[in-house]
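Participant: Here it is: the structure, laid out below.
The values are calculated or read from the model by the stated rules, or taken from the named source; none is laboratory data. Remember, predicted model here, so these are calculated numbers, not experimental data. Cβ sites come from the backbone with ideal geometry, for glycine too, and all protein chains shown count toward neighbours. Accessible surface is based on the protein model in full, side chains and every heavy atom, while ligands, DNA and RNA are left aside. Shrake-Rupley method; radii C 1.70, N 1.55, O 1.52, S 1.80 Å.
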Amino acid sequence: MNTKTKIRKIGVIGFGVMGSGIAQAAAMSGFETIVRDVHIDFIEIGMQKIKNSLKRLVQNYARTGGKKGISKETEASTLANLKTTLYLKELIETDIIIEAIVERQDEKAKLFDTLSKLGYSGLLVSNTSSISITKLGASFKYPERFMGMHFMNPVPLQKGVELIRGLSTSDDTYTAVSRLAKDMGKTVINAKDKAGFGINRMFIPFLNEAIKVVEEEILSPEDADKATICLGHKMGPIATADYIGLDTVLFICNILEEGLGSAYKAAPLLKRMVDAGYLGVKTGKGFYVYEEGKSINVNPDIRRFIK
Ligand SMILES: NC(=O)c1ccc[n+]([C@@H]2O[C@H](COP(=O)([O-])OP(=O)(O)OC[C@H]3O[C@@H](n4cnc5c(N)ncnc54)[C@H](O)[C@@H]3O)[C@@H](O)[C@H]2O)c1
């Protein structure tokens, strides 16, 4: 039993970019963790991602004499804490479910309704980047036990987590979730339930503007990235958009536009990329082409488009 919090068992739904990071961080923090996705292929890819990440952390530990990374023992205990399933009913006994499925309100609402019908009565948080927490909470039988818990990518490395209360979220829920965030070693950032919350309200317009700068041929993708790296960023905006997933970036732009006006409209090139199925690292092609998660070149179609 984890003595620092009442939460002992965590369910994660969705084993994509974020779900795999959240499950890894939860298991690394000593929580029994069970992850659900809809297809065995996604489960295998998610587990492989975790194993690769743990391996890198162990190498880092050896290289830095234990100052950074994790020990071999933590790697083993993390894997022992992790379970995967295709069946939602296996998450019913968890203390909290962290939802990290696609950024679509209808899909999330359908899932919360199903959880309610299956009799789930624990805490439920959404990792949504932008969808109204109050609206999402209304699809769960216990909206007072629902709130936003917005992790940052990559979750095992990024400290920040934005916590967003919906209109119905109770004080007890907020207290339990913020304690969980701290037990996972995260820094809590409290935000209001408005379009994009705090982080994406600031950050997504920056990525969208960078895509417009590329689309208007002011800078090449590499130079757009180089420019902000010169400003001290660790990763440029074009590479970051690929890393987040261009479908997710587009969805958040649409939410910002809907909530805040046309100044937040998505770049036409962003829409085109999503139409073409170029979603970034997760599909192997975005503004850059990727092999084993590493960028190897600018996407030749982008080169042609902006020539
Ligand atoms: N990508 C980022 O950098 C980032 C950062 C913060 C928050 N988010 C948010 O996290 C959530 C997930 O984003 P992502 O980038 O990991 O998406 P993703 O597309 O990489 O993964 C989504 C996963 O959910 C699975 N899924 C879909 N419906 C499901 C269901 N009903 N049950 C179980 N699994 C289901 C899919 O099969 C897929 O594996 C979104 O709400 C997104 O806005 C993303």
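Participant: Using the Cα gyration tensor of the range 1-101, with a ≥ b ≥ c the square roots of its eigenvalues, what is the shape: rounded (a/c below 1.5), prolate (a/b larger than b/c) or oblate (neither)?
Facilitator: Numbers: a/c = 2.57, a/b = 1.42, b/c = 1.81.
Oblate.
Participant: What shape does the chain take by its C-alpha gyration tensor, where a ≥ b ≥ c are the square roots of the eigenvalues and a/c under 1.5 counts as rounded, a/b above b/c as prolate, and the rest as oblate?
Facilitator: oblate
Participant: Here's another thing I want to ask about it. Quick check: the distance between the Cα centres of the range 58-80 and the range 148-166, to the nearest angstrom?
Facilitator: The range 58-80 and the range 148-166 have Cα centres spaced 23 Å from each other.
Participant: For every other residue with a beta carbon closer than 10 angstrom to the beta carbon of Asp247, add +1 if it is Lys or Arg and -1 if Asp or Glu, then tell me the sum. List each step's numbers first, then the result.
Facilitator: Working: positive: Arg104, Lys282; negative: Glu103.
Counting the neighbours of Asp247, the net charge comes to +1.
Participant: Counting Lys and Arg as +1 and Asp and Glu as -1, what is the net charge of the other residues whose Cβ lies under 15 Å from the Cβ of Gly196? Walk me through the numbers on the way to the answer.
Facilitator: On the way: positive: Lys135, Lys192, Lys194, Arg201, Lys265; negative: Glu103, Glu162, Asp193, Glu209, Glu257, Glu258.
So the surrounding residues net to -1.
Participant: For Ser262 and Ile296, calculate 0.36 nm times their separation in residues minus their Cα-Cα distance, and state this gained length in nm to one decimal.
Facilitator: Numbers: separation 34, 0.36 × 34 = 12.24 nm, distance 3.48 nm.
Here the answer is 8.8 nm.
Participant: Moving to a separate point now. Taking the Cβ of Leu57 as the center, what net charge do the other residues with Cβ under 10 Å away carry, scoring Lys and Arg +1 and Asp and Glu -1? Before the final figure, lay out each step's value.
Facilitator: On the way: positive: Lys55, Arg56, Lys68; negative: Glu75.
Overall, the nearby charge balance is +2.
Participant: Kindly work out what percent of the DSSP beta bridges joining two residues of the range 9-191 are antiparallel, to the nearest 5.
Facilitator: Among the beta bridges of the range 9-191, antiparallel pairing accounts for roughly 15 percent.
Participant: In addition: Give, in nm to one decimal, the length gained when the segment between Lys135 and Phe206 is fully stretched (0.36 nm per residue of separation minus the Cα-Cα distance).
Facilitator: Details: separation 71, 0.36 × 71 = 25.56 nm, distance 2.63 nm.
Net length gain for the segment: 22.9 nm.
Participant: Also, I was wondering about something else. Along the charge dipole of the range 173-307, pointing to its positive end and built from +1/-1 on Cβ of Lys, Arg, Asp and Glu, which listed residue (Ala181, Leu219, Leu246) has its Cα farthest out?
Facilitator: With unit charges placed on the Cβ atoms, the residue in question is Ala181.
Participant: I would also like to ask the following. Shape verdict for the range 198-241, please, from the Cα gyration tensor: rounded (a/c under 1.5), prolate (a/b greater than b/c) or oblate. Don't skip to the answer; put the middle values down first.
Facilitator: Numbers: a/c = 2.35, a/b = 1.23, b/c = 1.92.
Since a/c reaches 1.5 but b/c is at least a/b, the shape of the range 198-241 is classed as oblate.
Participant: What share of the DSSP beta bridges in the chain is antiparallel, in percent to the nearest 5? Numbers along the way, then the final one.
Facilitator: Numbers: 11 of 36 bridges.
Antiparallel: roughly 30 percent of the beta bridges in the chain.
Participant: For Lys186, go through the aspartates and glutamates and keep the ones whose alpha-carbon is under 15 Å away, minus same-chain ones fewer than eight residues off.
Facilitator: Straight-line reach from Lys186, under 15 Å: Glu162.
Participant: Which FRET efficiency value, to the nearest 0.05, do you get for Thr175 and Asp113 by plugging their Cβ-Cβ distance into 1/(1 + (r/R0)^6) with R0 = 35 Å?
Facilitator: Numbers: r = 26 Å, r/R0 = 0.75.
The computed FRET efficiency comes out at 0.85.
Participant: Continuing with the same structure: From the Cα trace of the range 199-306, what convex hull volume per residue do you get, rounded to a whole Å³? Let's see the in-between values first.
Facilitator: Working: hull volume 10.3 nm³, N = 108.
About 95 Å³ per residue, rounded to a whole number.
Participant: Next up: Lys282: which aspartates and glutamates have alpha carbons under 18 Å from its alpha carbon, excluding same-chain residues fewer than 8 sequence positions away?
Facilitator: Asp37, Asp41, Glu44, Glu103, Asp242, Asp247, Glu291, Glu292, Asp301
Participant: Rank by packing, highest mean first: peptides 220-230, 160-170, with packing defined as the count of other Cβ atoms within 10 Å averaged across residues. Numbers along the way, then the final one.
Facilitator: Values: 220-230: 16.6, 160-170: 19.6.
In descending order of packing, they fall as 160-170, 220-230.
Participant: Using just the helices of the chain, give the 222 nm mean residue ellipticity in deg cm²/dmol: DSSP H runs with n ≥ 4 each add -39,500 (n - 2.57), and the total is spread over all residues, rounded to 500. Mind dumping the intermediate values first?
Facilitator: Working: 12 runs with 142 residues, N = 307.
Computed ellipticity for the chain at 222 nm equals -14500 deg cm²/dmol.
Participant: Run the quick spin-label model on Lys6 and Leu231: label points 7 Å from Cα toward the beta carbon, then report their separation in nm to one decimal.
Facilitator: Between Lys6 and Leu231, the label points sit 4.4 nm apart.
Participant: Given contacts defined as C-alpha pairs under 8 Å and at least six residues apart, what's the relative contact order of the range 199-306, whole-number percent? Please list the in-between numbers first.
Facilitator: Numbers: 135 pairs, mean separation 26.3, N = 108.
Relative contact order for the range 199-306 comes out at 24 percent.
Participant: Could I ask something else about it? What accessible area per residue comes out for the chain, rounded to a whole number of Å², with a 1.4 Å probe?
Facilitator: Numbers: 15030 Å² over 307 residues.
Counting only protein heavy atoms, the per-residue value for the chain is 49 Å².
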